[in-house]
Every structure is written in C-alpha cells, then in structure tokens.
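Input: a single structure, listed below in structure tokens.
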Amino acid sequence: MLIRRTKGWEIPESKATSESHFLNRRAMVRAMGLGAASLALPGQLMAQDKAADPSAGLYPAKRNDKYGVPTPMTAEKLATTYNNFYEFGTDKSIWRDAQKLEVRPWTIKVGGMVEKPFEIGIDDLLAKVQLEERVYRFRCVETWSMIVPWSGFPVRSLVELCKPLGSAKFMVMKTLSRPSVMREQRDLLYPWPYTEGLAMDEAMNDLAFIATGLYGKPLPKQNGAPLRLMAPWKYGFKNVKSIVSVEFTDKKPKTFWEGLQSSEYGFWANVNPEVAHPRWSQATEKPLGGDQRIPTLLYNGYAEFVAGLYANRKAEKLFM
C-alpha cells in the first residue's frame, strides 16, 4: 500500500512513496495521480465482461438503506480505475492487468473447524443467498476514501452456509494464488496468498458484507471479483479480494500486512481519526475526485453498529 511521508496534509499525492519502497522489496514506482488511467474503462471491455458473467442478470440488486446512504457518491470511473490489488502491481492503475484474471470457473473452498468441509462454485453460492445493495464509506489507510454502492450479501449468510463449530473464534479468508496471471505473487518475499480474517462476532455483525457487485453490475476484476470482503468500519487493507478459501479456527490468524509490518498494520485495523499511523495522521481523508480533505469519523462513521464489539477488547491494539 502507498506509504506517505508527510509533514502536512498540503503535500500533493504526486510526492507519495510506495509501501514496497518502504519495505525495501521494490524500486520506487513512478509518482502518479489518477492520470490517463482514470479517464474511463473501455466500454467494449465492460460489455464483454457483462456478457461473459453468468451472474450479470442478478444486478442491480435491491437497495438496503438501513446502514445509511452517505454522499456524495464517488464516480464509477474513479472507483474502478484507482485500485489497490497488489497481486497485480504496486501502482494504482492496475485495472488493465487485472483483466487477465478469469473469474469463471471459480470455486470457494470451505474448511477448518466446520461440520463438514466442502467446495462451492461462485454461481452456486450466489443461488443460495439474497443479494442486496448497500452504499458504504470506504477508507484506505493511505488516507484516500470513497463512497460506493456495493452489491452482495451479509457475511453472516456465508457463515451460516459454512456451519462452523461452536468452538471456532475466527473466520479466515484468502485470495486466489495464481502467479502466472498475478505477477506480483512471484515475489517470494511477500507472504502470499493474501490472508485476512475477522473474529466470529465481527463476521456475524450485520454490517459485515461480502461484495459481489459494484454500481449495479458484477464486481470488476480490479475491485476483487468475483467476491471480496467489505467491512466498512475497518481500513481498506482488511477487505480481502478474490476470495477462494474460507476457514474457521480457534486461533487468531497472521494476516498479510500484519505479517509484513505488525508495528503499523494490526489485525483489528478499526478506523479511528485520533490514532495516527506511526508515520502520518489519520485525522483527515481525501475523497477520490476532490481536492479537499475532510474529517475522518470514528469507525468510519459506523460506531453505532460496531463499537460494542470491542467493549471487552480495550487491552488490544484495536485501531491500527
């Protein structure tokens, strides 16, 4: 993820330093803003994706406004061309490379502490859940943010389908491993595959969501197709993309960024404007498409839904 060595929020994005440079695993990537890559996704490519995706007829899903409808909505072109997906590269314009990913067939493997391990295809999974649309805030630890309409279903529905044992304490999700397409996975200095997790009470919280669509269409590949986690009260790196494995365990997992730099990226990663990243403030954020910084909200504005999850965990590093 992008590492910013800033002493004031007036520093332009073009001077940002890459996460990989900080970790001494990459050369400096070229400094860039949205640039030409953010102009538009080719209409022909989008039409081809829609035609090839058998789930396309499921969208748009019915809107669920229970968790609010924050505004202003981020432009679709920005949200789909300014992306972190480190399996494809370390800059923000990876959407072109991500088109190489084949999302059919796609199988999710369920295991660990469950009644019975099994595998399920993405379209069989979609047939077992009720899709809905939710407009969520998204806050990256890099301090950029967006507001977008995700389609999908509650994580709770997936948990219930998996039937974990009562002794399971954590839900662990992993990204596809396919170095032939996801070229950054060839770098063995990183702990691939990308691994993330939630405590069981977080996974069962109504706000936790599995996204399968965006802007009333199937989820674009660069945004984590065909399914990704969306826990909007946490920093974006928690939201694992292109999930192929769901496991249940009684031990807290070592997650991807925590494994690389635990002093900066913890397991809980809840948004708190008063808790700075070790090298920059989190007090404000910059919405995509704008030049102004705005105040960051505790739990990204979702405290009423999730703050109670952490009442008995105050001794832990909850916010970074």
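The values are calculated or read from the model by the stated rules, or taken from the named source; none is laboratory data. Quick caveat, the model's predicted, so the values are computed rather than measured. Every residue, glycine as well, gets a Cβ built from its backbone with ideal geometry; the counts of neighbours run over all protein chains shown. Protein only, heavy atoms only, side chains kept; ligands, DNA and RNA dropped before computing areas. Shrake-Rupley method; radii C 1.70, N 1.55, O 1.52, S 1.80 Å.
Summary of values
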item: Subset of the stretch 50-107 that is farther than 12 Å from residue 220 by Cβ, of a type in the set (D, E, K, R) and touching a strand residue (DSSP E or B) at 6+ places or on another chain (Cβ under 6 Å) - its residue that is least open to solvent (accessible area, probe 1.4 Å); result: 63
item: Count of residues meeting criterion [under 29 Å from residue 256 (Cα atoms), among the small types (Gly, Ala, Ser) and in a loop (DSSP other than H, G, I, E, B)] in the stretch 52-95; result: 2
item: Residue within the stretch 147-160 that is in contact with a Pro (Cβ under 6 Å, 6 or more places away or on another chain), at pLDDT 95 or above and either open to solvent by 20 Å² or more (accessible area, probe 1.4 Å) or among the hydrophobic types (A, V, I, L, M, F, W, C) (or both) present; result: yes
item: Failed condition for residue 20, given (1) under 20 Å from the mean Cα position of the chain (by Cα); (2) modelled with pLDDT of 50 or more; result: (2)
item: Condition met for residue 184 (within 23 Å of residue 82 (Cα to Cα), open to solvent by 10 Å² or more (accessible area, probe 1.4 Å) and not hydrophobic (A, V, I, L, M, F, W, C)); result: yes
